[in-house]
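The block underneath contains the structure these notes are about, expressed in structure tokens.
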Amino acid sequence: FNFRQCCTALYSIGWGSGIAGLLVSFRGQTAYADRLTLSGGTLGNANEVAFDLLLGLPFLWLVLQDSRSGKVKKFFAICLMVNGIVALLRTGSRGGLIGFATLNLLLFIRSSIGGKIAMTVMGIGLLAGAVIVLPHSLQLRYATLIMGAGAAEDAKNTTEASGVDSAAESYAARRALLINSLKLTVNH
């Protein structure tokens, strides 16, 4: 009914997503091709996990921007955001990665010069950390966004090669679906 109630609803989405991120991080398992999930339910699908975590990040950001949020609340929001980003990367979801990049691009555009410099430095640090910390199989999965099936050449074993081939086939099928949907949209 009012602005404060709207903020409470949005913050609740952020807190819920953050708690789901903690649940997945501490109770989850790395399933097929080192992708982080829970054993069942909605959070049993790595792409759904990535979407849920991505959904909550802007709302946790709102908590940080609210001058009425105390330092403790802001600290927990930062912790949940960092955990959410790490868990998002551990899901191996390429759609989640694209969504995260888009979210950061929008934030970058709206930031001041100092904010843009800070985001650039943090982005370089995040990229370097991901290269060091993420399992090789997830790095190859993300590489299919750029290299397609060619990423399989860097596989260390047949299991990784099979995972990359599967990811490349999935990428090709989704790309064909996107192209078809765009054609149908233009035609109708």
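Just one of the listed residues (ILE146, ILE124, ILE117) is open to solvent by 80 Å² or more (accessible area, probe 1.4 Å), at negative phi and modelled with pLDDT under 85, and it is ILE146. Would you pick out the residues in the stretch 55-80 that are among the hydroxyl-bearing types (Ser, Thr, Tyr) and open to solvent by less than 40 Å² (accessible area, probe 1.4 Å)? SER69 - this is the single residue of the stretch 55-80 that is among the hydroxyl-bearing types (Ser, Thr, Tyr) and open to solvent by less than 40 Å² (accessible area, probe 1.4 Å). Being open to solvent by less than 30 Å² (accessible area, probe 1.4 Å), within 22 Å of SER17 (Cβ to Cβ), out of contact with any Pro (no Cβ under 6 Å at 6 or more places or on another chain) and polar (S, T, N, Q) is the requirement here; does THR102 meet it? So THR102 fails the test.
Restricting attention to the stretch 19-30, the residues being surrounded by 16 or more Cβ atoms within 10 Å (Cβ to Cβ) and either at pLDDT below 80 or more than 21 Å from VAL82 (Cα to Cα) (or both) number 1. In the stretch 90-112, the residues that are within 28 Å of ARG27 (Cα to Cα) form Cβ pairs under 8 Å with partners that are of a type in the set (Lys, Arg) and part of a helix (DSSP H, G or I), at six or more places apart or across chains, as follows: GLY92/ARG141; ARG94/ARG141.
Residue count for the stretch 1-15, restricted to those that are open to solvent by 40 Å² or more (accessible area, probe 1.4 Å), free of Cβ contacts under 8 Å to residues at least 60 places away in the same chain and in a helix (DSSP H, G or I): 9.
Tell me, please, whether a residue that is over 23 Å from GLN139 (Cβ atoms), under 18 Å from the mean Cα position of the chain (by Cα) and touching a residue at least 60 places away in the same chain (Cβ under 8 Å) can be found in the stretch 34-55. Scanning the stretch 34-55 turns up no residue that is over 23 Å from GLN139 (Cβ atoms), under 18 Å from the mean Cα position of the chain (by Cα) and touching a residue at least 60 places away in the same chain (Cβ under 8 Å). Please specify each residue of the stretch 81-98 satisfying the condition of being open to solvent by 20 Å² or more (accessible area, probe 1.4 Å) and closer than 24 Å to CYS7 by Cβ. Selection gives MET81, VAL82, ASN83, ILE85.
The condition (being without any contact (Cβ under 8 Å) to a residue 12 or more places away in the chain, assigned to a helix (DSSP H, G or I) and under 19 Å from the mean Cα position of the chain (by Cα)) is satisfied by just one residue among VAL24, VAL82, VAL86: VAL82.
The values are calculated or read from the model by the stated rules, or taken from the named source; none is laboratory data. Only a predicted model underlies this, so the values are computations on that prediction, with no experimental measurement involved. In this analysis, Cβ positions are derived from the backbone assuming ideal geometry, glycine residues included, and neighbour counts consider all displayed protein chains. The area values use the complete protein model at the heavy-atom level, side chains included, leaving out ligands, DNA and RNA. Shrake-Rupley method; radii C 1.70, N 1.55, O 1.52, S 1.80 Å.
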